[in-house]
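Structure record follows, encoded as structure tokens.
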Amino acid sequence: MTVQFGHPMREEWPQDPAVTYLNHGTVGAPPKRVLEVQQRLRDEIERQPSHFLLREISPKGVGVWKRERSRLRDAANAVGEFIGAKGDDLVFVDNTTEGVNAVLRSFDFLEGDEVLVSDLAYGAVLHAADYATRVRGARVRIMELSKSVQEPGEIVRTVGEAIGPNTRILVIDHITSGNALIMHVAQIAELCRRRGVAVLVDGAHAPGAIPVNIASLGVDWYTGNLHKWAWSPRSCGVLWASPARQQSLRPTVISWGLDQGFTQEFDWPGTRDPTPHLAAPAGIAFMRELGVDRVQRHNHELAWQAGLELTQHMQARLLAPESMIGTMVTLVLPARFGSTADDAAMLRDALLFAHQIEVHVAAFHNRVCVRVSAQIYNEMSDIGRLIEALNRC
Ligand SMILES: Cc1ncc(COP(=O)(O)O)c(C=O)c1O
């Protein structure tokens, strides 16, 4: 029997039923059954903590292994199958911010080198790029992509024009944060390859939201979150590096794995809770059980429909065509909602505290924008509630 999506799915999530949750993309929301797997793993660890952490997880330098392979490697293999990567080219990190930091802070920038980042990039990523370059006399250059979002080809052209003689790395989102647009990463990477520029993809919102096949993208590094759209517990990110980039890549925390090879360097950053990583395959398994295509189609159709309804009933404005929208849609609200970060914060609070709706609201290009996330526990009536609330704000 086909499971019904929409509110019947709320049973599978632990969220407060009094709140209409349209904010899945911000910090993710793991299903109950994945959290149960994580708890079972915690119970298993606590029966014999040092045995588990030193003999089942850590690299050989720390403990005396009981197993052929660390359980983290088994989890990496399972995740790799889902995102088109070999498990041994993939390591776990806590989140995308950490993955970006590892890549940029490992890179051997020379004075005058440049990292090209778009004006749509996530703020913390910009900070990481700023820090990694400034300590080596390199710099960040910001290209304006936000004006080119009407069609993907225009974005590729803008990137091509922005690359300069000193550009070493391009950092590009797979799905942007603020305006939630899918970038055509493979085309951009091909262009960069021809120009000798390495590509780091920020895939914070991609795994689980859209089909991802990292190996086919032709990029140098890819980092993303599983704790957003792949339903893993927090904190669970991945970092993939092409074989040619692995030797020079260092984790943000140097530990026992130094010089022991890519996976060993990352797999033991010191004592930490490995359960978000070990439970990640359970999130993927649940999505597979429901049908990955079906889940992604539902979420996309709901997001797009939300965009159309908000356009029609709120005089809100969509930012891009349907082909660039995944499971989130961002709309520019009418001028009466204000233009500043404070205006956005006030609206966000009013929606939550007066109307029990949690949704991402931010200021973007001098207008207040709302970003609606669609997950299988949402349905059109949630969008109706949002429109009604916005009309009363
Ligand atoms: C595009 C993008 N990059 C990076 C991040 C950072 O993710 P995290 O806080 O999990 O590191 C986010 C968070 O929403 C994001 O939207």
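The values are calculated or read from the model by the stated rules, or taken from the named source; none is laboratory data. The model shown is predicted, which means the values in this text are computed figures rather than measured ones. All Cβ positions, glycine included, derive from the backbone under ideal geometry; neighbour counts span all protein chains shown. Protein only, heavy atoms only, side chains kept; ligands, DNA and RNA dropped before computing areas. Shrake-Rupley method; radii C 1.70, N 1.55, O 1.52, S 1.80 Å.
Anything in segment 144-177 that is in a loop (DSSP other than H, G, I, E, B), within 16 Å of the ligand (Cβ to nearest atom) and out of contact with any His (no Cβ under 9 Å at 6 or more places or on another chain)? List them, or say none.
145, 149
Residues of segment 43-70 being open to solvent by 50 Å² or more (accessible area, probe 1.4 Å) and at pLDDT 80 or above, which ones?
Scanning segment 43-70 gives 43, 44, 46, 47, 48, 49, 50, 54, 55.
Please go through segment 77-88 and pick out each residue that is out of contact with any Ser or Thr (no Cβ under 7 Å at 6 or more places or on another chain) and either part of a helix (DSSP H, G or I) or within 16 Å of the ligand (Cβ to nearest atom) (or both).
77, 78, 79, 80, 81, 82, 83, 87
Residues of segment 344-366 being at pLDDT below 95 and either over 23 Å from the mean Cα position of the chain (by Cα) or in a helix (DSSP H, G or I) (or both), which ones?
Passing the criteria: only 366.
Give segment 16-25 a look and list any residue that's in a loop (DSSP other than H, G, I, E, B) and either of a type in the set (Phe, Trp, Tyr) or more than 16 Å from the ligand (Cβ to nearest atom) (or both), or say none.
16, 17, 18, 19
List pairs: first residue in segment 26-44 and within 16 Å of the ligand (Cβ to nearest atom) and part of a helix (DSSP H, G or I), second residue open to solvent by 20 Å² or more (accessible area, probe 1.4 Å) and not basic (Lys, Arg) anywhere in the structure, Cβ distance under 7 angstrom, at least six positions apart or on different chains.
26/360
Quick one: in segment 105-119, of everything that is within 27 Å of residue 234 (Cβ to Cβ) and open to solvent by less than 40 Å² (accessible area, probe 1.4 Å), which residue is farthest from the ligand (Cβ to nearest atom)?
Of everything passing the filter in segment 105-119, 106 is farthest from the ligand (Cβ to nearest atom).
Residue 295 - would you say it is farther than 17 Å from residue 180 by Cβ and surrounded by 18 or more Cβ atoms within 10 Å (Cβ to Cβ)?
Considered against the rule, which asks whether it is farther than 17 Å from residue 180 by Cβ and surrounded by 18 or more Cβ atoms within 10 Å (Cβ to Cβ), residue 295 comes out as yes.
Would you pick out the residues in segment 245-270 that are over 14 Å from residue 54 (Cβ atoms), open to solvent by 30 Å² or more (accessible area, probe 1.4 Å), in a loop (DSSP other than H, G, I, E, B) and of a type outside the set (Ser, Thr, Tyr)?
Within segment 245-270, 247, 250, 253, 254, 258, 259, 260, 261, 269 qualify.
Restricting to segment 200-212, name every residue that is in a strand (DSSP E or B) and of a type outside the set (D, E, K, R).
200, 201, 203, 207, 210
Does residue 19 satisfy the criteria of being modelled with pLDDT of 95 or more, within 24 Å of the chain's Cα centre (by Cα), closer than 21 Å to residue 351 by Cα and open to solvent by 60 Å² or more (accessible area, probe 1.4 Å)?
no
Which of the residues belonging to segment 213-233 are touching a residue at least 60 places away in the same chain (Cβ under 8 Å), crowded, with 24+ Cβ neighbours inside 10 Å, of a type outside the set (Phe, Trp, Tyr) and part of a loop (DSSP other than H, G, I, E, B)?
Of everything in segment 213-233, those that are touching a residue at least 60 places away in the same chain (Cβ under 8 Å), crowded, with 24+ Cβ neighbours inside 10 Å, of a type outside the set (Phe, Trp, Tyr) and part of a loop (DSSP other than H, G, I, E, B) turn out to be 226, 227, 228, 230, 232, 233.
Could you tell me which residue of segment 120-134 is farthest from the ligand (Cβ to nearest atom), considering only residues that are farther than 19 Å from residue 204 by Cα and open to solvent by less than 10 Å² (accessible area, probe 1.4 Å)?
The selected residue is 133.
Would you pick out the residues in segment 106-139 that are over 17 Å from residue 173 (Cα atoms) and among the hydroxyl-bearing types (Ser, Thr, Tyr)?
106, 131, 133 - these are the residues of segment 106-139 that are over 17 Å from residue 173 (Cα atoms) and among the hydroxyl-bearing types (Ser, Thr, Tyr).
Report whether or not residue 238 is in contact (Cβ under 8 Å) with a residue 24 or more places away in the chain, assigned to a strand (DSSP E or B), open to solvent by less than 20 Å² (accessible area, probe 1.4 Å) and closer than 30 Å to residue 40 by Cβ.
Answer is yes for this residue.
Does residue 102 satisfy the condition of being at pLDDT 95 or above, among the small types (Gly, Ala, Ser), within 18 Å of the chain's Cα centre (by Cα) and within 15 Å of the ligand (Cβ to nearest atom)?
yes
(1) within 19 Å of residue 328 (Cα to Cα); (2) surrounded by 19 or more Cβ atoms within 10 Å (Cβ to Cβ): which one isn't true of residue 151, the others all being true?
Of everything listed in (1) within 19 Å of residue 328 (Cα to Cα); (2) surrounded by 19 or more Cβ atoms within 10 Å (Cβ to Cβ), residue 151 misses just condition (2).
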